[in-house]
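Working notes, structure below.
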């Protein structure tokens, strides 16, 4: 993983508290873990039960929406521009979710028509549409068509934002953005998404986190990383031992500054964690981890006294 990606993720974080992204296999088992992740409070007051419930539902449905609507064959291959991505940005007063995935032209037409219908409807109208969909006669898959999207929009804090971009013959890139807590008017919270997607695919990123850190947050992120990449045969405990050392020795050095954690790679996946350190701290980190099964990357920091440091754990 190159340092440019880490800089881009920390830059994309901006003044917000947390930025999470998932670009992995999109399997059902991750739904519960994403709900758990969304319920971990950022700095300040913890979210109310109602907000946590709304966030959990929207995150689960957004994840399932990608599973339901993503194209079976991706233009440009598995790591092409149509690879699915799930993003959650958490600020002090705003929480925004964004998904992006390839769909066929026919799917794009249906999704666009449905979203146009939903955009200007109020809560009672959306609820009525949802109930009508449940009661609609026909096969279960027909009755449920669009219901998740209707309920996501109904539970959001503002109207949906979406776009379609041509990916090639027969396919389009569908991007959907929903405000969960607070609204930003016309301000778009994921500007530069296309450039970020290029870096994510070039570095074969499966998931990432940039921002604050807590024990609970680390626990859920590691749970996602473990289920995304199975341990090497005969070595299930090796990565846990190395990560335990990194968590106890390296992580405290980066705090309270923002931390960047990235699971990346195909044949030889790595779990990389890092951020900005003083040059003295970077030297101490390298000395403390010498002789362990880790790799390091160092680059220029925010000024002459700091460096960007990454610790890479074989995963």
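Exactly one residue out of 267, 291, 244 is on the phi > 0 side of the Ramachandran plot and exposed (fewer than 13 other Cβ atoms within 10 Å of the Cβ), and it is 291. Just one of the numbered conditions (1) outside any helix (DSSP H, G or I); (2) in contact (Cβ under 8 Å) with a residue 40 or more places away in the chain; (3) over 15 Å from the mean Cα position of the chain (by Cα) is not true of residue 57: (1).
In the condition set (1) more than 20 Å from the chain's Cα centre (by Cα); (2) buried (at least 16 other Cβ atoms within 10 Å of the Cβ); (3) closer than 22 Å to residue 11 by Cα, residue 255 is compliant with all but (2). Does residue 21 count as buried (at least 20 other Cβ atoms within 10 Å of the Cβ) and under 30 Å from residue 296 (Cα atoms)? Considered against the rule, which asks whether it is buried (at least 20 other Cβ atoms within 10 Å of the Cβ) and under 30 Å from residue 296 (Cα atoms), residue 21 comes out as yes.
So, residue 222, is that one closer than 24 Å to residue 29 by Cα and buried (at least 19 other Cβ atoms within 10 Å of the Cβ) or not? So residue 222 does not fit the description; no. Within the range 1-28, no residue that is free of Cβ contacts under 8 Å to residues at least 60 places away in the same chain sits with its Cβ atom under 6 Å from a residue that is crowded, with 21+ Cβ neighbours inside 10 Å and assigned to a strand (DSSP E or B) at 6+ positions apart or across chains.
Using the structure shown, decide if residue 87 is touching a strand residue (DSSP E or B) at 6+ places or on another chain (Cβ under 7 Å), within 28 Å of residue 299 (Cα to Cα), at pLDDT 90 or above and buried (at least 21 other Cβ atoms within 10 Å of the Cβ). Working first, answer last.
On the way: touching a strand residue (DSSP E or B) at 6+ places or on another chain (Cβ under 7 Å): yes; within 28 Å of residue 299 (Cα to Cα): yes; at pLDDT 90 or above: yes; buried (at least 21 other Cβ atoms within 10 Å of the Cβ): yes.
Judged against the criteria, residue 87 is a match.
Run residue 5 past the list (1) closer than 25 Å to residue 298 by Cβ; (2) modelled with pLDDT of 90 or more; (3) in contact with a strand residue (DSSP E or B) (Cβ under 6 Å, 6 or more places away or on another chain); (4) surrounded by 19 or more Cβ atoms within 10 Å (Cβ to Cβ) and report the number of the one that doesn't hold. Checking residue 5 against (1) closer than 25 Å to residue 298 by Cβ; (2) modelled with pLDDT of 90 or more; (3) in contact with a strand residue (DSSP E or B) (Cβ under 6 Å, 6 or more places away or on another chain); (4) surrounded by 19 or more Cβ atoms within 10 Å (Cβ to Cβ), the one that fails is (3). Report yes if residue 51 is touching a strand residue (DSSP E or B) at 6+ places or on another chain (Cβ under 8 Å), part of a helix (DSSP H, G or I) and at pLDDT 90 or above, otherwise no. Judged against the criteria, residue 51 is not a match.
Being out of contact with any helix residue (DSSP H, G or I) (no Cβ under 9 Å at 6 or more places or on another chain), loosely packed, with under 14 Cβ neighbours inside 10 Å, farther than 18 Å from residue 165 by Cβ and free of Cβ contacts under 8 Å to residues at least 60 places away in the same chain narrows it down to one residue among 109, 78; which is it?
Result of the check over 109, 78: 78.
Residues of the range 2-40 that are part of a loop (DSSP other than H, G, I, E, B) and touching a helix residue (DSSP H, G or I) at 6+ places or on another chain (Cβ under 9 Å): 2, 23, 24, 25, 26, 27, 28, 29, 39, 40.
Matching residues to (1) over 20 Å from residue 121 (Cα atoms); (2) at pLDDT 90 or above; (3) surrounded by 16 or more Cβ atoms within 10 Å (Cβ to Cβ); (4) more than 23 Å from the chain's Cα centre (by Cα):
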position	(1), (2), (3), (4)
139	yes, no, no, yes
144	no, no, no, yes
148	no, no, yes, no
152	no, yes, yes, no
157	no, no, yes, no
167	yes, yes, yes, no
170	yes, yes, no, yes
176	no, yes, yes, no
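Can you confirm whether residue 190 is modelled with pLDDT under 90 and buried (at least 16 other Cβ atoms within 10 Å of the Cβ)? Judged against the criteria, residue 190 is a match.
As a summary of the residue check, residue 102 satisfies the conditions (1) surrounded by 15 or more Cβ atoms within 10 Å (Cβ to Cβ); (2) under 23 Å from residue 219 (Cα atoms); (3) in contact (Cβ under 8 Å) with a residue 60 or more places away in the chain except for the one numbered (2). The criterion of at least 3 residues that are under 25 Å from residue 21 (Cβ atoms) and either touching a helix residue (DSSP H, G or I) at 6+ places or on another chain (Cβ under 9 Å) or modelled with pLDDT of 90 or more (or both) is met, among helices (runs of 4 or more DSSP H) falling completely within the range 202-315, by 215-228, 238-249, 251-254.
The values are calculated or read from the model by the stated rules, or taken from the named source; none is laboratory data. Predicted model, so just to flag it, every value in this text is computed and none were measured. No Cβ is skipped: glycine too gets one built from the backbone with ideal geometry, and neighbour counts run over all protein chains shown.
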